[in-house]
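The values are calculated or read from the model by the stated rules, or taken from the named source; none is laboratory data. For clarity, every value in this text was computed on a predicted model and none was experimentally measured. Note that we place each Cβ from the backbone using ideal geometry, even for glycine, and neighbour counts take in every protein chain shown.
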Amino acid sequence: MKKIYLIIAREFSERVRKKSFIIVTLLMPLLMIAIMVAPSLMMLYSTSDQKQVVVIDRTGEIAPQLQSSTEVMFIPEERMSKAEACRTFNEESGIFGILYIGSDVEARDSVQLITNASSSMIIEESIASQISAIIEHKKLLEYNIENLDKILASVETDIELSTFINNGTGEEETMETTSSGISYALGMILGMLLYMVIILYGQMVLTSVVEEKASRVIDVMVTSATPFQLMMGKIIGIAAVALTQIAIWAALVIAASKFLIPAVFSAELTATNDAMMQALVGTLGDTGYIATLFAYVALFILGGFLLYASLYAASGSAVDSVQDGQQFNTIIMLPIILSIIIMMSVFNDPNSPIAFWASMIPFTSPIVMIARIPFGIATWEIIVSLVVLYLSFVLTTWLAAKIFRVGIFMHGKRPTWGELWQWIRTK
Amino acid sequence: MDTILKIENVTKSYTGHKALDDVSLEVPRGAVYGLLGPNGAGKTTLIRVITRITMADKGRVLLDGKPLTADDVFHIGYMPEERGLYKKMRVGEQAIFFARLKGLTRREAERRLREWFERLGISDWWERKVEDLSKGMAQKVQFISTVVHEPKLLIFDEPFSGFDPINANALKEEILGLRDRGATVIFSTHNMASVEEICDHITLINKSKNILSGSVEEIRRSAGGNNFEVTHRVDDDTLRATLGDRAVIVGESRGIVGSYRQTNIHIRRDDDVRTVIAALNDGCDLRSLREMIPSMNDIFIRAVNGTL
């Protein structure tokens, strides 16, 4: 045990003291914040770009009612024909496009948007919905209903759906509230985090083993420690590096969300998605929930990493260079990528059979399960999944150790699958 | 003979080629034991079998009379031919790491290592990174890492390769010093000069087989085959008459200073050596007589060519 500890300590301190580790650790949160903040900032500052649309309205009724917004400004044009307008308001004119409304609005091809540059879904949808609303309103008026506006105002309803998880008590106060939006976001972030950790740090294990082998340090180590101790030392050492890095990131992100985000975003921006915000605050404010969630995350990250790291270690031991490792790397990547694809379907239905089974089968379970957990999953499912995951880790490590023990001393040509199988069977 | 390590009929094959073919040998305790042989003879394979890096197909390795176990390997100091050190690590730190893996405490490891670094003149390199070291320097660090925990059995694979003559000499001194302090040293080499100087025993491996084993002195004597160089003052006919049929003249006689001549002779039977010397002394005005013991280099080449 002392030897494994020494190897872990060396692996850990060598990596943590590297400049690249410190730089990545500090820059990554900044990058992540930039990615999160950039869309909001773009929304905030891109509004000044109002698009001018020339409207040729043959009905004569719709154009006056079109409401210009921050995105689109409508300019009625009564004299020109469509062809003339197209010639006049070309690209050089600075006009975004021409909205042509034929005399029979509901006829095919009657409403046309002819743009000088590529159009956007938002603009098209806002124009279409405005015209529909104007026509609908006009049709309603034709029924000559008295106090139509009042009636319309009074029938307008906005329903807010509160969602709870049934705990069988019938007492609503004790039930957990849920929000699919928050669950989706949390599941997505956590799933992606696992994906990144497994790939980045798994590769690190592979590279480290290949280096150990190429530098022939392993030959020196052979009378000091067993190959198994060396492999486990490396895996656990790198796991410790990963956990350290995540812990630093978590601390930085929390600090940023507490002090930086409120300072950067104005109150009015947060006010716009108030409902979402409240749910978010509710979720994040529930310390017990957050603590459990983090415990699960830690368990699944560790289990997932260990499972894959042992495979990466085995393939690293079997080859002479990182390039040669690509053959095995591709195979290892398959279930990881599959996990991500299945994770996407989890967001549609967290309890579908595919989601369930993918979160039980060890190779996909860490990512898929962690994406399901925020939706509220029965505890027994999580426990079974964890048990299966950790048992599989023991199994893959056992297999990996067998390959490692033989492979680490082999130099020369890359082994075939048949040879790997022989190594596993070597006593 | 007190044997520390015994190799019994070890055979090891790789696909399509036999690396070791029924090799047996015994290493006496406290000896400096040389494993000689041309490149690719199987020396390194034998060492890798002893250190359990590779498993023998057949045969046994006994340490102190008992089959060698995985744990025993941890009590061997082994320096592989390939110099493996973590390139990005600092020299001192790395040496301490290896020493602690061998069971020394950090404090003890540092104390002993500082001493060794001083002795081999690399103290200034303690804080440097391994990648800045020259090959010879790195090898010194590795040598120290191999011996710092004072193992009873030391195995060096080609310890002198990459060293200049001065450092090779220093290394020889250290190896002899380790033996004097009670360690048994096995090393492989194809540098014959080092064998004559420091080996007590050797095994010569060629084409996967043990073709010659024994103490260096015995091997040289028996390979010598009763050849003598006689310095005398008579002509060849007188000399031939004196020798009779007990010995023959080999090659030409050479004139040297004054009226003395030197002639190589071969005495047919071991038992006749004393009689021949007496006859020469009486009849040939004998000045000196020297047994011509071949160098290990000659023996090596003759053994490999099958003319020994």
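Report yes if some residue within the stretch B:91-98 is under 30 Å from residue B:56 (Cα atoms), facing chain A (nearest Cβ under 8 Å) and at pLDDT 90 or above; otherwise report no.
Residues of the stretch B:91-98 that are under 30 Å from residue B:56 (Cα atoms), as a first pass: B:98.
Those still in the list that are facing chain A (nearest Cβ under 8 Å) too: B:98.
Applying the additional criterion that residues be at pLDDT 90 or above yields B:98.
Yes, the stretch B:91-98 has at least one match.
Scan A:240, A:250 and give me the residue that is free of Cβ contacts under 8 Å to residues at least 24 places away in the same chain and away from chain B (no Cβ under 14 Å).
Working: A:240 fails: free of Cβ contacts under 8 Å to residues at least 24 places away in the same chain.
None of the others qualify; the one that does is A:250.
Is at least one residue of the stretch A:68-75 out of contact with any strand residue (DSSP E or B) (no Cβ under 9 Å at 6 or more places or on another chain), over 30 Å from residue A:237 (Cβ atoms) and either outside the structural domain of residue A:236 (by TED's automatic domain parsing) or touching a residue at least 12 places away in the same chain (Cβ under 8 Å) (or both)? Step through it out loud before you land on a result.
Taking the stretch A:68-75 first, the residues out of contact with any strand residue (DSSP E or B) (no Cβ under 9 Å at 6 or more places or on another chain) are A:69-70.
Restricting the remaining residues to those that are over 30 Å from residue A:237 (Cβ atoms) gives A:69-70.
Still in the running and either outside the structural domain of residue A:236 (by TED's automatic domain parsing) or touching a residue at least 12 places away in the same chain (Cβ under 8 Å) (or both): A:69-70.
Yes, the stretch A:68-75 contains at least one residue that is out of contact with any strand residue (DSSP E or B) (no Cβ under 9 Å at 6 or more places or on another chain), over 30 Å from residue A:237 (Cβ atoms) and either outside the structural domain of residue A:236 (by TED's automatic domain parsing) or touching a residue at least 12 places away in the same chain (Cβ under 8 Å) (or both).
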### Task
Return only the number of the condition from (1) over 39 Å from the mean Cα position of the chain (by Cα); (2) surrounded by fewer than 16 Cβ atoms within 10 Å (Cβ to Cβ) that residue A:50 does not satisfy.
(1)
### Query
Only one of these conditions is not met by residue A:9: (1) at pLDDT 85 or above; (2) under 30 Å from residue A:246 (Cα atoms); (3) buried (at least 16 other Cβ atoms within 10 Å of the Cβ). Which number is it?
(3)
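For the stretch B:152-251, which helices (runs of 4 or more DSSP H) that fit wholly inside it have 2 or more residues that are free of Cβ contacts under 8 Å to residues at least 12 places away in the same chain and surrounded by fewer than 19 Cβ atoms within 10 Å (Cβ to Cβ)? Full working, then the answer.
Numbers: elements: B:165-180, B:192-198, B:216-224, B:236-243.
Qualifying helices (runs of 4 or more DSSP H): B:165-180, B:216-224, B:236-243.
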#### Entry: Meets criteria (surrounded by 19 or more Cβ atoms within 10 Å (Cβ to Cβ), within 20 Å of residue B:178 (Cα to Cα) and in contact with a helix residue (DSSP H, G or I) (Cβ under 8 Å, 6 or more places away or on another chain)) for residue B:117
yes
### Task
Using the structure shown, decide if residue B:19 is at pLDDT below 90 and more than 14 Å from every other protein chain (Cβ to nearest Cβ).
no
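Select the helices (runs of 4 or more DSSP H) contained entirely in the stretch A:293-376, then report the ones holding at least 3 residues which are in contact (Cβ under 8 Å) with a residue 60 or more places away in the chain and under 20 Å from the mean Cα position of the chain (by Cα).
Working: elements: A:322-346, A:353-358, A:365-372.
Those helices (runs of 4 or more DSSP H) span A:322-346, A:365-372.
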### Query
Can you tell me which residues in the stretch B:54-71 are crowded, with 16+ Cβ neighbours inside 10 Å and within 10 Å of chain A (Cβ to nearest Cβ)?
B:54
### Task
Just need a number here: residues in the stretch B:1-54 that are closer than 15 Å to residue B:76 by Cβ, part of a loop (DSSP other than H, G, I, E, B) and in contact (Cβ under 8 Å) with a residue 60 or more places away in the chain.
2
### Summary
Checked B:30, B:34 against criteria (touching a Lys or Arg at 6+ places or on another chain (Cβ under 7 Å), away from chain A (no Cβ under 14 Å) and closer than 30 Å to residue B:216 by Cβ); the one match is B:30
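Count, please, the residues in the stretch B:252-295 that happen to be in contact (Cβ under 8 Å) with a residue 60 or more places away in the chain and not acidic (Asp, Glu).
The qualifying residues number 6.
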